[in-house]
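What follows is a short report on a single structure.
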Amino acid sequence: MIIYLICAFTIASNTMIGPALAADTPPYVQISLALMTGLLGFIGSWIGAQVALGNFRKQRAFDKQLDWYERAVTAIHAMAEKIIIAVNYEDEQRSSKVLAAQWREVQLAHRAIDRVAQEAPLYATDNALAVIAEIQKKVQDVADKTTAFDPPKFPEGADKYKLLKKIYALGEFLEGASPPLLREGRLHLGIGRTNFWQRISGRSNALAAPVSDPPAKVRKNDGSA
């Protein structure tokens, strides 16, 4: 709006004031008007550049936040899938080579969840931050008890069946852990906003908790028999 006003005033100065000046108008008046017109044009251009830069930064931040939600949900589902496959392979007594490769996939999926959890304070809302922190804690707890998801290295004397059951329960937990993050992602996209202020202000503040969304919780599953 400010840019439009400046442009309108500049155009008016050029089209209305200029021709109206008499031929004998003192030079200092003409110089003053020329300087004023140039100054207004410069201010308008500078403001326009600042607005464009601000919009670009907001769009970049929006894209990075959305990318984080997508990567977080993908990482959660990927680990759940790889865990279930690995445990099923154990039940089927696949070859040691096949089992080692599949458990390696589980370990890599664990690292992917760690990465999105580490980035969460930068991109996630407070609710999403709490959800991903709980997920990371649950995954790490099972990893500590199973030697980082590596059955051949399970603690000596441990019941392999019980540990595999605990890992499988983690997979089930992860399968139901993403909906709270999906809700936060929908709010980030503006889907489902009913509050007028939410509609006009957007989600530019990555750490702002949503007004209408209650604290997110994930389904718990401790893997007990």
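The values are calculated or read from the model by the stated rules, or taken from the named source; none is laboratory data. The structure displayed is predicted, hence computed values, not measured ones. Here Cβ is always computed from backbone atoms with ideal geometry, including for glycine, and neighbour counts include all displayed protein chains. Quick note on the areas: whole protein, heavy atoms, side chains included, nothing else; ligands and nucleic acids left out. Shrake-Rupley method; radii C 1.70, N 1.55, O 1.52, S 1.80 Å.
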(request) List, largest first, the extents of the alpha carbons of region 62-164 along their principal axes, each in whole Å. (result) 46, 24, 14
(message) Ranking request for peptides 151-164, 59-72: highest mean number of other beta-carbon atoms within 10 Å first, then the rest in descending order.
(response) 59-72, 151-164
(request) At 7 Å along the Cα-to-beta-carbon direction for both Asp144 and Gln107, put a label point, then send me their distance in nm to one decimal. (result) 2.0
(request) Would you kindly state how much longer the chain becomes between Lys153 and Ile47 on full extension, computed as 0.36 nm times their sequence separation minus their alpha carbon distance, in nm to one decimal? (result) 31.8 nm
(request) Would you work out what percent of the accessible area of region 47-110, with all protein chains in place, is carbon or sulfur (probe 1.4 Å)? (result) 54
(message) Order 33-42, 114-123, 75-84 from most to least packed using the mean count of other Cβ atoms within 10 Å.
(response) 75-84, 114-123, 33-42
(request) Compute the distance in nm between two label points, each set 7 Å from the Cα along the Cα-to-Cβ direction, one at Ala34 and one at Ala133. (result) 6.4
(message) Using the alpha carbons of region 29-114, what is the convex hull volume per residue in cubic angstrom, as a whole number?
(response) 79
(request) Can you figure out the FRET efficiency of Lys64 with Ala100, using R₀ = 41 Å and their beta-carbon distance, to the nearest 0.05? (result) 0.70
(request) Apply 1/(1 + (r/R0)^6) to the Cβ-Cβ distance of Arg57 and Arg186, taking R0 = 25 Å, and write down the FRET efficiency to the nearest 0.05. (result) 0.60
(message) For q values of 0.15, 0.23 Å⁻¹, compute log₁₀ I(q)/I(0) with the Debye formula on a Cα-only model of region 67-117, without solvent.
(response) -0.41, -0.76
